[in-house]
1. Here is a check on your reading of the model: is Asp74 assigned to a loop (DSSP other than H, G, I, E, B) and under 23 Å from Leu41 (Cα atoms)?
2. Considering the stretch 625-647 alone, what residues qualify as being in a helix (DSSP H, G or I), within 24 Å of Gly862 (Cα to Cα) and not acidic (Asp, Glu)?
3. Select from the stretch 635-687 the residues that are farther than 16 Å from Arg844 by Cα, of a type in the set (Gly, Ala, Ser) and open to solvent by less than 10 Å² (accessible area, probe 1.4 Å) and list them in ascending order.
4. For Glu269, are the conditions met, namely being part of a strand (DSSP E or B) and surrounded by fewer than 16 Cβ atoms within 10 Å (Cβ to Cβ)?
5. Six or more apart or on different chains, Cβ under 6 Å: which pairs go from a residue in the stretch 53-67 that's on the phi > 0 side of the Ramachandran plot and in contact (Cβ under 8 Å) with a residue 12 or more places away in the chain to one that's assigned to a helix (DSSP H, G or I) and among the aliphatic types (A, V, I, L, M)? Could you list them?
6. Is at least one residue of the stretch 180-193 over 30 Å from Phe282 (Cβ atoms), of a type in the set (Phe, Trp, Tyr) and more than 31 Å from the chain's Cα centre (by Cα)?
7. Could you check the stretch 413-472 and list, in sequence order, the residues that are in a loop (DSSP other than H, G, I, E, B), more than 16 Å from Arg806 (Cα to Cα) and not charged (D, E, K, R)?
8. Can you name the residue in the stretch 277-322 that is over 18 Å from Ala462 (Cα atoms), part of a loop (DSSP other than H, G, I, E, B) and in contact with a Ser or Thr (Cβ under 8 Å, 6 or more places away or on another chain) and, of all such residues, is modelled with the highest pLDDT?
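The values are calculated or read from the model by the stated rules, or taken from the named source; none is laboratory data. The structure presented is a predicted model; accordingly, all values stated were derived computationally and were not measured. Positions of Cβ are generated from backbone atoms using ideal geometry, with glycine treated the same way; all protein chains shown enter the neighbour counts. Remember, those area values only see protein heavy atoms, side chains included, never the ligands or the DNA or RNA. Shrake-Rupley method; radii C 1.70, N 1.55, O 1.52, S 1.80 Å.
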Amino acid sequence: MPSLFQIRYLFVAFLLITSIHGYSASASATTLQYSVQETELSGPEEFLGYAMGERLTPHHRIIDYIEYVADNSDKVLLEYYGHTYGGRKLAVVYVSSPDNIGQIEEIRSNNLIRAGLYDAEPTDLPSRAIVWLSYNVHGNEISASEAALFTLYELASGIRPGSDEWLENTVVIIDPLLNPDGRDRYVNWYHSVAGRSPNAYPVSREHIEPWPNARTNYYQFDLNRDWAWQSQIETRQRMALYHQWMPHIHADFHEMGVDSPYYFAPAAEPFHESITDWQREFQTTIGENHARYFDENYRVYFTREIFDLFYPSYGDTYPTYNGAIGMTYEQAGNTRGGLSVITAEGDTLTFERRILNQHIVGMSTVEVTSKHFERVTEEFFRFFREGARNPYSPFKTYVVSGNNHPDKLQLLTDYLDAWDITYGRAPSVRSVNAFDYQSATNRSVSLSEQDIVISAYQPKSALLNVLFEPRTTIVDSLTYDITAWAVPYAMGLEAYALESRVNPTGAYFLPDATVAEPVPTEVINERPYAYITSWNSKHDVRFLSNLLQQNIRVHVASRPIELQNGNRYERGSLIIMRRGHERLEEQFDRVVTETAQKYNRSLEAVQTGMVRTGPDFGSQAVRRIHAPRVALIAGPGVNPNNFGEIWHFMDRQIEYPVTVFEHSHLGMVNMNDFDVLIMPQGGYASSISSEVAAGISRWVRSGGKLIVFGDASRGLGNGLPEQSIRQRETDTENDAHRLLLRNEDRQRDSASELITGSIYYLHLDNSHPLAFGYPEFYYTLKSGARAFDYLSNGSNVGTLREGAHRSGFEGYRVARHIEDSMVFGVQPHGSGELVFLNDNPLFRAFWHNGKLLFSNALFFVGQ
């Protein structure tokens, strides 16, 4: 006899199948009754002990269920691929026919070989379609993981008519929970505030999630913006597995506002120009299959709006640029959904309905792929063949100069390896015409064997061109995210884009300088006067961070230095003198040199404090770096993503201690316990009491340092200097014209005043400590059109001037407005300083060239 749970599941499946296939009630019941009796698997409801949509399932119980199914089904294979920052397991399950599961490694390797991604001969085993379903990348979009369990059960049990046939030619990879830390944060919160029965009133406590909400991972990063950049441990581990498989179809399950209908493919414009006709076509084919299911039960949905295919680091675009059909699915619910909620139309949206909708499109995705598996696989292989034979972009080669600092070259090659983009050693070419990223001009350049050459004639051609294109081609100004991201700008690289083909002449090997040579023992035995090292990258910051935490005294050179032997060190170079470390006696050299080896830093031992040119080591221009005691503001109103970027940088990237407290608790904080206070982006300053704000102002006057992201300090008042936000000039003639615009044209016209994540050239005063380690320019990612006037009594360190735009969308009314504005500046206030970072140098942790600038603000400014 079927259990009560199986009977209830039978009823849900019956409703689903009749809506999909139009079966008669009697025929469907007979078929499904037989399937339930034959299967030995328990469904999610029976295993978990509650009905669909009755409770939220925590991560560990999701893991329990997929382990149970894998242990009891010959159609399922479980693989753990990592852990989150919070220590929770990450896993996928492979679902296919028993024969396919027995040949799973052969299927995987054949797929890579036939795509040209691995150099070997495939076996005779025919290709299988590979569908990857990703659930719950946003922690508070909770219906996704629940639906994953029901989809797994239906496929594994065979309860769904036809599903066994799908699995004969298709492998389904289910990642049931991409963001376990975020999901558990939401589940634990919800169960702590909800009563015995759900309250559907939309502003009751269980529908108002507290800051920072559970959308993000442990460090408040949006994992759905991290696919390409792989800054988070969850993404890095998942992408390593993804590239081992390279699926043909990828669906990313989400939730949105409670009043929205369901969204599925095809996507909205803009489509990136690299997307093929087939990828567009099959998105529509999949969408039509979903629509048929939804139409039969009168479910409301929409397509071709909002969710575009442009920014390369989403769960739909990154797979798309890797040859797949990448799609976003969006169900109403999100943070306000709870177990039930009353919508604006007065309907009650239940958790059960949300789960069922996600389950329907998941099964539909597998079904339609299976029906077209031969075309799906062939077009996937064609994508890579065409990329290697005929790259879509006018740029056929990218060259990265060997003159770049070795740390930058290491960073670049690490990324290229993670993306499976091939590269090699450049030939010696006397002259070739190229686009110079730094000057944004075409000019003749010479290539040498020290340069990296990346040919677009390779299988990963599309991804390469998307990531490196100097100027993004935007066919629609109304896009969902940033519109520029070129890797050479993000990494601060000297690089070139060529319209001609240049092939690598062999394997590229990083220069010897990327491996630091230890200080010779005989030099250490001579008890050097000091050690000196340059300041160029985040790795130097990590080295400094560790030294300071070991109570090693470190000084910074504020002017260039030429040593007696002719070696030159620029501003920002670190000097570690023996003087002041008498307590360490003979351990001083060991601590310094071993720390340098740990972080792969090259040290030069110096026997004298007198230099050939520049300040001697005892000069006031060689300043002691006092280890700062750092505090970071959190709490409602603080931008959680920017907070997370700062926290992650401090805690994980440079491993420097930071104290976090909410702004509502500032009145309890003795500011004299800290040297630096960081204010992330957000509109919370006005909620800080005048008494507390006055205390912060006194603290700065007494020598404190306030680092302000964006306009976070505006409204704090109480004598603290504020930046002057430039008011937009009025254009009477055009403004009158805009008043008469048709309603349908107003949104597009408003884009004329926008900057949507675009890249600009900044003039940089690299004699100022905020810009140590940089040339006289910097590329900034600007995510808004606000402009700030020059500081009249401070240092305008990073300034935007005429002709600064490099890539991305810029509204035609914006260019003149932002010219001659301050982007990075330092304002004295008594004995302390305010550091203004109006563009975010830590954006999504992928704007690598900004990390040194923030570190300068942290460690150098005010020393």
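1. For Asp74, the condition - assigned to a loop (DSSP other than H, G, I, E, B) and under 23 Å from Leu41 (Cα atoms) - is met.
2. Asn642, Phe643, Ile646, Trp647
3. Those that are farther than 16 Å from Arg844 by Cα, of a type in the set (Gly, Ala, Ser) and open to solvent by less than 10 Å² (accessible area, probe 1.4 Å): Gly635, Ala685.
4. yes
5. Every condition considered, the pairs that remain are Gly53/Ile355.
6. Taking every residue of the stretch 180-193 in turn, none turns out to be over 30 Å from Phe282 (Cβ atoms), of a type in the set (Phe, Trp, Tyr) and more than 31 Å from the chain's Cα centre (by Cα).
7. Hits for the stretch 413-472 are Ile421, Thr422, Tyr423, Ala426, Pro427, Ser428, Ser448, Gln450, Ala456, Tyr457, Gln458, Pro459.
8. Asn297
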